[in-house]
Amino acid sequence: MSASLPGGMTAEQLDEIYQFAIDLGKKAGQKLLDGMHSRITGNDILQTADANTSNNLAFTEKDNAVDIVTQVDEDVERFIHTAIETKYPTHKFIGEETYSKSSARDYLITPDHPTWCVDPLDGTVNYTHLFPMFCVSIAFLLDGQPVIGVINAPMLNQTFSSCVGRGAWLNETTPLPLIRNPSIPPMPANAPGKCVFSCEWGKDRRDSPGGNMHKKIDSFVNMAAERGGRDGLGGMVHGVRSLGSATLDLAYTAMGSVDIWWEGGCWEWDVAAGVAILLEAGGLMTTANPPEDPETAPIEDVRLGSRLYLAIRPAGPSATETGRQSQERAVREVWKRVKQLDYIRPGA
């Protein structure tokens, strides 16, 4: 008898969807590469005042100068949507570009339908600058929770994937996290010290004291400053990284290359596939915003539509802690050093 999963789906059905999602992610990633190569080779040139502008990498602004969309974003989303609609006509689809054309910002993922949540091109600014940190992000959700995640970074030749109960993988053969010899290491005893901390500047660039950008910068400096600095808030992390892609931030946290990721402002398509992969790899994910008492407040599971995210890499046990205990300790130490961000989301 087939094992039953959320939404009444069988394991066999989920396996089929998983393989379909991996194949779809690879095909979509190739379309991103095709668009990029058209610029490099000089094909498909727009007839504009700038004769060197490629049709595929030309972009338009959405909310501001760093919130942009290319024709490739829209073409690849249309390709993914059509493939899903053809194969699974009863499934719900939420994609960044179709959502962004609406003025509403309500949270649209509900538990009543199997749902695909897709970002056809995460890291659009990177893509237009030919910086390799961009990807396709495809998540499949049951009962409102991501159970399958596929992230294809075509310029890096990397595909991250996971299916609930089946592990998380790099290029389908290497299990995540990567460091497993002799075992997955716990979080450092003085975390965030000795950690790589990943963060993003985000699209809210308003230069206002007390605004999100200023709060982020203050938090970044707290994490980076020497121990004892910043009135005791200095975290002395090994390094601060900003990849320009929230999806890849999560993939590399699942891989163990990043220890901590902290961010506010992302949407569900930015993180859904990464959440699935990180959790399946053994990571922890909760809210970015510190509670009133970081030492004792419960560490709740991430809310996909909250726009506030804190991720900790997979961790193994030490002589004194379980892996989960070391992750929770790291969460509390981050909470002590970061600011409350202001991102409001109806329906989440």
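All conditions but one from (1) out of contact with any Pro (no Cβ under 7 Å at 6 or more places or on another chain); (2) within 27 Å of residue 301 (Cβ to Cβ) apply to residue 130; the one that does not is (2).
Of the residues 148, 109, 94, the single one that is assigned to a loop (DSSP other than H, G, I, E, B) and buried (at least 17 other Cβ atoms within 10 Å of the Cβ) is 109. Filtered by the rule that a residue be modelled with pLDDT of 85 or more and either surrounded by 13 or more Cβ atoms within 10 Å (Cβ to Cβ) or on the phi > 0 side of the Ramachandran plot (or both), region 1-14 gives 9, 10, 11, 13, 14. With respect to the conditions (1) loosely packed, with under 15 Cβ neighbours inside 10 Å; (2) under 20 Å from residue 337 (Cβ atoms); (3) not aromatic (Phe, Trp, Tyr), residue 301 falls short on a single one, namely (2). Those helices (runs of 4 or more DSSP H) of region 173-289 in which at least 3 residues are closer than 28 Å to residue 318 by Cα and either among the charged types (D, E, K, R) or within 16 Å of the chain's Cα centre (by Cα) (or both), considering only elements entirely within it, cover 246-255, 268-281. State yes or no: is residue 287 closer than 21 Å to residue 215 by Cα, polar (S, T, N, Q) and without any contact (Cβ under 8 Å) to a residue 40 or more places away in the chain? The answer is yes for residue 287.
For every residue, the table says whether it meets (1) modelled with pLDDT of 95 or more; (2) more than 25 Å from residue 267 (Cα to Cα); (3) in the same structural domain as residue 116 (by TED's automatic domain parsing).
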site: 159; (1), (2), (3): yes, no, yes
site: 162; (1), (2), (3): yes, no, yes
site: 171; (1), (2), (3): yes, yes, yes
site: 184; (1), (2), (3): yes, yes, no
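Give 262, 267 a once-over and let me know the one that is touching a Cys at 6+ places or on another chain (Cβ under 9 Å) and over 21 Å from residue 180 (Cβ atoms). When all the criteria are applied, what remains is 262.
Per-residue answers, yes or no, for (1) among the hydroxyl-bearing types (Ser, Thr, Tyr); (2) touching a residue at least 24 places away in the same chain (Cβ under 8 Å); (3) surrounded by 24 or more Cβ atoms within 10 Å (Cβ to Cβ); (4) in contact with a helix residue (DSSP H, G or I) (Cβ under 6 Å, 6 or more places away or on another chain):
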{"site": "254", "(1), (2), (3), (4)": "no, yes, yes, yes"}
{"site": "261", "(1), (2), (3), (4)": "no, yes, yes, yes"}
{"site": "265", "(1), (2), (3), (4)": "no, yes, no, no"}
{"site": "268", "(1), (2), (3), (4)": "no, yes, yes, no"}
{"site": "274", "(1), (2), (3), (4)": "no, yes, yes, yes"}
{"site": "282", "(1), (2), (3), (4)": "no, yes, no, no"}
{"site": "294", "(1), (2), (3), (4)": "no, yes, no, yes"}
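Checking 206, 227, 180 one by one, the residue that is touching a helix residue (DSSP H, G or I) at 6+ places or on another chain (Cβ under 7 Å), over 30 Å from residue 9 (Cα atoms), modelled with pLDDT under 95 and not acidic (Asp, Glu) is 206 and no other.
Of all residues in region 301-343, those that are outside any strand (DSSP E or B) and either among the hydroxyl-bearing types (Ser, Thr, Tyr) or without any contact (Cβ under 8 Å) to a residue 12 or more places away in the chain (or both) total 8.
The values are calculated or read from the model by the stated rules, or taken from the named source; none is laboratory data. Small disclaimer: the values here were computed from a predicted structure and weren't measured. Quick reminder, even Gly has a Cβ in these numbers, built from the backbone with ideal geometry, and neighbours come from all protein chains shown.
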